[in-house]
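Trainee: Questions regarding the structure given below will be posed in turn.
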Amino acid sequence: MQLIPVRARQWLRVGFMPAALAGVLGSWAIQAEIGRWLKMDGATASLLLLILAVSVAEKLLPAVDAWNYNLVTSPDTGWAELGRDLLYFFGVTQLSVLGVKLAEAGLRHGLPSSPLLSWWPTGWPAAARLVLAFLCTECANYAYHRAAHSVPLLWQFHSTHHAVTGLVGIKALRTHPVDNVAFHLVRTAPLLLLGATAEELSGALYLGGC
């Protein structure tokens, strides 16, 4: 028996992703308030709320019902799968965040000696600089992603992300910390060396996360 009428299901399928993207963009502006409300980092809190919304939608409107955690019909495998994914979400993700912070701190320590710091177009409008930062991070992300699939050493770490056989929102975070740190540095190091501000960089990464 369907919990949601057919017409409503159709509208939800069409409208969910635009609504989710709008919510992500809106949460960027108030992520500090969201973080204070949930007592955690604002960006992490926004991601957590998005994952929760996606998980509810996947349960109500699954693309493939077998991909959901069947905690009642198959409790042994369902709970084991959910437990592993939560370990990645709360454990490996936080380990990755720590690695990123350490790597970024080391990178920023060497910034004063960078000869490229004056190259960033500081005279451009803020929106134009944000778009430029976004394009730079996306191009760097694309280049590294191709390398992660073709260079054997990089694939050893990146393959963790492609080990899943059933796709739900939380499984997107099943990644290796080394892969996460490398991805982050490839996207951020060029912009920091060129002189982009922390706000421009965080905005570009936030848009990329959409």
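Trainee: Note the full-extension length gain between residue 60 and residue 102 as 0.36 nm times their separation in residues minus their Cα-Cα distance, in nm to one decimal. Don't skip to the end; give the middle numbers.
Mentor: Values: separation 42, 0.36 × 42 = 15.12 nm, distance 3.99 nm.
Length gained, residue 60 through residue 102: 11.1 nm.
Trainee: Right, here's the next one. Can you tell me how much longer the chain between residue 156 and residue 131 gets when fully stretched, taken as 0.36 nm per residue apart minus their C-alpha distance, in nm with one decimal?
Mentor: Gain on stretching residue 156 to residue 131: 5.7 nm.
Trainee: What nm value, rounded to one decimal, do you get for the distance between residue 30 and residue 49 when each label is placed 7 Å out toward the C-beta?
Mentor: 0.6
Trainee: Given the convex hull of the Cα atoms of the stretch 142-210, what is a quarter of its surface area in nm²?
Mentor: 5.3
Trainee: Take the Cβ-Cβ distance between residue 11 and residue 165 as r, set R0 to 30 Å, and report the resulting FRET efficiency rounded to the nearest 0.05.
Mentor: 0.50
Trainee: A further question on this structure: Determine the gain in length on full extension of the stretch residue 172-residue 139; use 0.36 nm per residue of separation and subtract their C-alpha separation, reporting nm with one decimal.
Mentor: Difference between extended and current length: 9.8 nm.
None of the figures in this text is laboratory data; all of them are computed from the coordinates on show. Keep in mind that this is a model prediction, so the values were computed, not measured. Positions of Cβ are backbone-derived with ideal geometry, glycine not excepted, and every protein chain shown enters the neighbour counts.
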